[in-house]
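The values are calculated or read from the model by the stated rules, or taken from the named source; none is laboratory data. Quantities reported herein were computed from a predicted structural model and do not represent experimental measurements. So basically every Cβ, Gly included, is an ideal-geometry build from the backbone, and we count neighbours across all protein chains shown. Side chains are part of the model used for accessible areas, which takes the heavy atoms of the whole protein and leaves out ligands, DNA and RNA. Shrake-Rupley method; radii C 1.70, N 1.55, O 1.52, S 1.80 Å.
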Amino acid sequence: MEMLKGFIFAWLIAFSLATIAVAQNNQTGFISLDCGIPGGSNYTDIITGLFYTSDVGYVSGGVNNSISAKYQSDSLERPYLTLTSFPIGTKNCYTLTPAQGNLGRYLIRASFLYGDYDDGTDQFPYFDLYIGEKYWDTVSIYNSSIPIQKEIIHTPSNDSINVCLVKINTTTPFISALELRPLNITTYKTVLNSSMELSFRLDLGSLTNEFVRYSDDVYDRNWRPNQRQNTVIIHTTEDILQNSFGLPLSVMSTALTPDPETGPNPNSLSFSWYSANATDRYYLYFHFAEVVKLSETETREFSIYINDNLFYGPMSPGYLSTTTVYTLTPGSTGIERYDVLINKTEISTLPPLINAIEVFRELKGYKTDI
């Protein structure tokens, strides 16, 4: 059980919507900065419906730029059309002051699209990103047309939050958009209110193969569709009872289950990821909802294993009701590969299912060698 040392297990089932605090479909508390548009300007993005304002007043210095015309398109979200670059200074910081101050927990997302804004210097930008005085991540641009996003869940110690771009070579730091979203304070809890960086967030069993975000997701999380080999999609057109994570209906109304005809094991689901660094530790969130009305003779029960160690179970997700199984503390270091196996139990007549998964890396706050 060495791999699971340090984990604390918890589960959160759905309650009546009248008894839990679920965010409403509005943008109260949202901070949405389109970096590079003129000071005092604002707009509502026609793709997302999000209301953006200029970043003027949130940061000192910076130069407004637009991406090259050849990278502009009608399908590109508007915040990516412009950016703010910082050719002067080593460290340039945005100051965000959310209404809840240090009593809140926040999703913070920084977005970058190079778009050859500097007319082809042949030097892709490479710079560091900090949250306050803590190292967040390194932004490494490798393609002019591919957006990059960095996202963390952050509980601040002060009423204001600084997001800083730090120059580390001769290239110029820049940013396309900076967004803050207040979260339900009862969700995404971590030990000592530490921060954690998103590794991946998957919508398992998507019927549309499209990303899901606001307004389907009240917290504007970005869900990437993921259809895995040797699985089939099951779904419902009924509403799913939410829990305090406020997960999108379009995500929770679909699920993956093993394909009994093509899968190597019709009784289990599996997936894996590699750790980028030997010192990385992860927080895990598994989201389940039964989307099929079972008969009296049917049972769906399964257990979750990580690297052959029991993570949670046995469990049976409720019909049209969200259950989230998650960790409160990150796992051990020194693990190169994480293998997740969701196994049907002996008493179960049906294979396992899963609707969505989120994996976060503990934010250490300092650089480490890979």
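Below are the figures for this structure:
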read-out	value
Count - residues of segment 188-225 that are touching a strand residue (DSSP E or B) at 6+ places or on another chain (Cβ under 8 Å) and on the phi < 0 side of the Ramachandran plot	26
Residues of segment 282-307 satisfying the condition of being acidic (D, E) and either touching a Ser or Thr at 6+ places or on another chain (Cβ under 8 Å) or at pLDDT below 95 (or both)	E290, E298, E301
Qualifying residue in segment 189-203 (condition: within 30 Å of N92 (Cα to Cα) and without any contact (Cβ under 8 Å) to a residue 24 or more places away in the chain)	yes
Some residue of segment 117-124 being more than 29 Å from L247 (Cα to Cα), touching a strand residue (DSSP E or B) at 6+ places or on another chain (Cβ under 6 Å) and hydroxyl-bearing (S, T, Y)	yes
Filter result (touching a Lys or Arg at 6+ places or on another chain (Cβ under 6 Å) and free of Cβ contacts under 8 Å to residues at least 60 places away in the same chain) within segment 154-186	T155
Single residue of segment 126-146 satisfying the filter (within 19 Å of I108 (Cβ to Cβ) and not in a strand (DSSP E or B)) that is most open to solvent (accessible area, probe 1.4 Å)	E133
Segment 312-370, residues that are hydrophobic (A, V, I, L, M, F, W, C), within 29 Å of P264 (Cβ to Cβ) and surrounded by 17 or more Cβ atoms within 10 Å (Cβ to Cβ)	M315, V325, I335, V340, L341, I342, L350, L353, I354, A356, I357, V359
Residues (modelled with pLDDT under 95 and not hydroxyl-bearing (S, T, Y)) located in segment 243-263	D259, P260, E261, G263
Segment 198-216: number of residues that are assigned to a strand (DSSP E or B) and either farther than 13 Å from L107 by Cβ or open to solvent by 10 Å² or more (accessible area, probe 1.4 Å) (or both)	7
